[in-house]
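Chemist: Shown below is the structure under consideration.
Coordinate-derived values only; no laboratory data. These numbers were taken from a predicted model, which means no experiment stands behind them. Cβ placement follows ideal geometry from the backbone for every residue including glycine, while neighbour counts extend to all protein chains displayed.
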2 protein chains.
Amino acid sequence: MECIFCNIVNRKAEAEIIYEDDNVIAFLDIQPINYGHTLVVPKKHYDNFLTVPPEELNNLIKATQFITGAVKRSVKADGFNVISNNGESAGQTVFHFHFHIIPRFNDDFTFKPRFKNYTSDGMKQYADKIRSTLSKYKDVFNG
Amino acid sequence: MECIFCNIVNRKAEAEIIYEDDNVIAFLDIQPINYGHTLVVPKKHYDNFLTVPPEELNNLIKATQFITGAVKRSVKADGFNVISNNGESAGQTVFHFHFHIIPRFNDDFTFKPRFKNYTSDGMKQYADKIRSTLSKYKDVFNG
């Protein structure tokens, strides 16, 4: 299947590229939450956050930090979100991993999530489940 | 000023801690978007994404990836968001840098952002501004 981000990397599709190095490319989102909304993308194709190798993650997060500083300064943003959506249920629309950098302004934040509440035991039960899963996979993590 | 996340690190405040290593601690958000919503936090205090040193960023993103896999598996999520909010305008409420891991399910995604549109020249103008800022700071980035 054609991947639009791979096509941008290979210059088969157009984009307003603002940054590029050996591993990473960044360009403006054509459907911005705010002007200057930027996508930071590994040049190699990985479907989502969980499949990006550690070295690539390091390249990406460092470039994202650098680019975020410039985006914030350029559009005089008051704040910013750094977001990765993974899976359709999370709002991912291009299945080539990327970070969104979204500039934010004091008068524009309208995202009011509906929070859930844990029952009195619920929080510990969820924590236990995750701790147990983590302990099973501890040996595959070289953190 | 008291920092609640520093207090959690120092065991002066309680939390459902699910992960801890020399540099990173992770615990459940008490106000979850979905059950299993987790915060990944550097043990040292940094106000926001832009002030976290590169080595710490690397520790954090690797731990976040590892923990995300376990959270997703534990709550049988279909997808997930990895989010950092920076500045009040972006929804940051605790000014100690952290990543949110938010499990998502096929029937629960209700965030419909209001997108903006670039004018025909607007996109290039924003890209030019950011490229120019980036070029000024290129020498301070060791990507």
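Chemist: Please give the Cα centre distance for region A:4-62 versus region B:53-106, rounded to the nearest Å.
Modeler: When both Cα centres are located, 19 Å separates them.
Chemist: From the label point of residue A:11, set 7 Å along Cα to the beta carbon, how far off in nm is each other copy's matching point, shortest first?
Modeler: Those separations, rounded to one decimal, come out as 5.9 nm.
Chemist: Taking H placed 1.01 Å from N in the peptide plane, check which residues at least 5 places from residue A:33 or on another chain put their amide H under 5 Å from its amide H.
Modeler: The list, which skips near neighbours in sequence, is B:116.
Chemist: Around residue B:27, which amide H atoms from residues at least 5 apart in sequence, or from another chain, sit under 5 Å from its own amide H, with H modelled in the peptide plane?
Modeler: Those lying under 5 Å, H to H, from residue B:27 are B:18, B:39.
Chemist: Take the residue pairs A:44/B:43; B:62/B:116; A:72/B:72; A:62/B:72; A:62/A:136 and return only those whose Cα atoms are more than 28 Å apart.
Modeler: Beyond 28 Å: A:44/B:43; B:62/B:116; A:72/B:72; A:62/A:136.
Chemist: Evaluate the charge dipole of chain A about its Cα centre and quote only its size in Debye, nearest 20, assuming +1 on the Cβ of each Lys and Arg and -1 on the Cβ of each Asp and Glu.
Modeler: In debye, rounded to 20, chain A gives about 520.
Chemist: Continuing with the same structure: Cα axis of helix B:122-137 to longest principal axis of chain B: angle in degrees, 0 to 90, nearest 10?
Modeler: 70 degrees
Chemist: Looking at region A:1-57, which GluC sites (Glu not before Pro) are in a loop (DSSP not H, G, I, E or B) and have at most 11 other Cβ atoms within 10 Å?
Modeler: Hits after loop and neighbour filter: A:2, A:14.
Chemist: Now, a different point. What nm distances, shortest first, do you get from the label point of residue A:44 to those in the other copies when the point sits 7 angstrom along Cα to Cβ?
Modeler: Taking the point 7 Å beyond Cα along Cα→Cβ, the inter-copy spacings are 2.9 nm.
Chemist: Return the FRET efficiency for the residue pair residue B:105, residue B:125: r is the Cβ-Cβ distance, R0 is 30 Å, and the value is rounded to the nearest 0.05.
Modeler: Once the sixth-power term is evaluated, E becomes 0.15.
Chemist: Still on this structure, please answer the following. With each pseudo-label sitting 7 Å past Cα toward Cβ, what's the residue A:116-residue A:17 distance in nm, one decimal?
Modeler: Taking the two extended label points, one gets 4.2 nm.
Chemist: Relative contact order for chain B using alpha-carbon pairs under 8 Å, separation at least 6, rounded to a whole percent?
Modeler: Relative contact order of chain B: 22 percent.
Chemist: If you take the Cα Rg of region B:4-113 and divide it by 2.2 N^0.38 Å, with N the number of residues, what do you get?
Modeler: Values: Rg = 13.6 Å, N = 110, 2.2 N^0.38 = 13.1 Å.
Taking N as the residue count of region B:4-113, the ratio is 1.03.
Chemist: Then there's this: With the label 7 angstrom out along Cα to Cβ, how close does residue B:55 come to the same site in each of the other copies, in nm, nearest first?
Modeler: Listed shortest first, these distances are 2.0 nm.
Chemist: Ok, one more. Through the Karplus equation 6.51 cos²θ - 1.76 cosθ + 1.60, θ set to phi - 60°, convert the phi angles of region A:15-26 into ³J(HN,Hα) values in whole Hz; use x for Gly and Pro.
Modeler: Calculated HN-Hα couplings, in order: 7, 7, 6, 10, 7, 7, 9, 4, 10, 10, 10, 9 Hz.
Chemist: For region A:38-136, state which trypsin sites (Lys or Arg not before Pro) are in a DSSP loop and have at most 11 other beta carbons lying within 10 Å of their beta carbon.
Modeler: A:76, A:114
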